[in-house]
1. How long, wide and thick is the range 202-277, going by the Cα atoms along their three principal axes, in whole angstroms, largest first?
2. Neighbour counts of other C-beta atoms within 10 Å: give me 277, 192 arranged from fewest to most.
3. Which of the three applies to the range 193-349, rounded, prolate or oblate, going by the alpha-carbon gyration tensor with a ≥ b ≥ c and a/c under 1.5 meaning rounded?
4. For residue 47 and residue 309, what is the calculated FRET efficiency with R₀ set at 22 Å and r taken between the beta-carbons, to the nearest 0.05?
5. Would you list 305, 18, 83 from fewest to most Cβ contacts within 10 Å?
6. I want to check the label-to-label distance for residue 54 and residue 185. Put each point 7 Å from Cα in the C-beta direction and report it in nm to one decimal.
7. Grab every C-alpha pair in the range 239-308, bin the distances at 10 angstrom width from 0 up to the longest one, and report whole percents.
8. Could you please state, rounded to a whole Å, how far the C-alpha centre of the range 305-336 is from the C-alpha centre of the range 257-284?
């Protein structure tokens with residue numbers, strides 16, 4: 001869980017935004033292999049997967065999609081500094097104080113707004129990881145979408161099995177939701193040539209799904225982020241009240257333990273939400289699930305309850321480390337910017 005700035009932070013806005021963007025990007029790069037492992041584990045569906053991806057010892061593929069997420073987190077972290085202070089002032093009492101419950105609410109409000117910036121980049125990241133799994137050999141029983149006019153004039157959605165032993169199915173799309181010929185060609189092309197580069201993945205999403213492809217899973221992503229903030233700050237505040245309400249005698253080791261325990265609470269309670277978010281941001285989620293409730297039902301019935309916590313360990317490592325990495329990078333960047341601002345290279349010696 002990324003830390004939020006203190007309400008009484010006197011750092012100027014420009015420095016805070018630059019330091020926040022740097023910290024967000026660096027934290028993403030430092031912990032991204034765990035994000036890749038988590039997302040790839042959530043994407044793989046043992047029921048529909050006819051061939052698993054090949055295991056490789058190379059470290060480079062584990063940074064597929066890192067650029068997209070780094071940009072999104074940099075935008076998110078840079079705006080967090082301004083948003084949290086604004087919401088803290090808004091939630092403050094008449095005498096200007098901010099209680100622990102109000103801090104939690106301010107954190108939730110911040111998480112809601114900042115998530116809006118990162119949703120398109122989350123979709124790009126998930127698509128790049130999924131395409132990389134296809135390039136590594138993963139094969140899924142993906143339905144083949146065709147225009148409804150080619151199969152039937154019935155307005156109802158029909159499903160017919162392909163001849164032979166192929167696991168694919170032909171899904172007839174109703175006329176009201178007919179897919180254009182150009183989009184069908186794009187879907188067919190990119191299914192054979194999956195993109196794993198930042199520039200080409202944007203073209204793939206736009207050509208196959210339009211602008212709506214960049215906002216897949218928006219509601220579930222916002223809900224996850226709000227739950228992350230609520231659970232983390234609630235657990236952290238509760239532990240602080242138990243150990244030392246005044247925070248006068250809390251050691252650095254205790255602070256580290258509080259942060260790790262709060263991260264465990266986040267992963268334990270929000271991992272199922274994170275899995276549904278990943279599935280809803282996959283390229284073929286409408287053919288497999290159509291909506292979030294169908295996704296929840298199918299995952300439970302076909303893959304079991306344990307699947308909802310798939311990828312929990314890499315996410316726990318990432319969540320536990322990200323706050324420390326972000327905080328250290330932020331402080332170092334602020335000090336560096338302040339030092340640069342104090343230098344006068346053109347002053348007379």
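Throughout, read-outs are computed from the coordinates displayed, never taken from laboratory work. Computed from a prediction, not measured in an experiment: that's the story for all the values here. Neighbour counts are summed over all protein chains in view; Cβ atoms, including those assigned to glycine, are modelled from backbone coordinates with ideal geometry.
1. For the range 202-277, the Cα extents along the three principal axes come out at 58, 19, 17 Å.
2. By the 10 Å Cβ count, ascending, the order reads 192, 277.
3. Working: a/c = 3.17, a/b = 1.33, b/c = 2.39.
Note, shape of the range 193-349 comes out oblate.
4. On the way: r = 17 Å, r/R0 = 0.78.
The pair residue 47/residue 309 has a calculated efficiency of 0.80.
5. On the way: 305 9, 18 16, 83 19.
If I rank by nearby Cβ atoms, fewest first, I get 305, 18, 83.
6. Placing both labels 7 Å along Cα→Cβ, they lie 3.2 nm apart.
7. Here the calculated profile for the range 239-308 is 18, 33, 17, 17, 14, 1.
8. About 12 Å separates the Cα centre of the range 305-336 from the one of the range 257-284.
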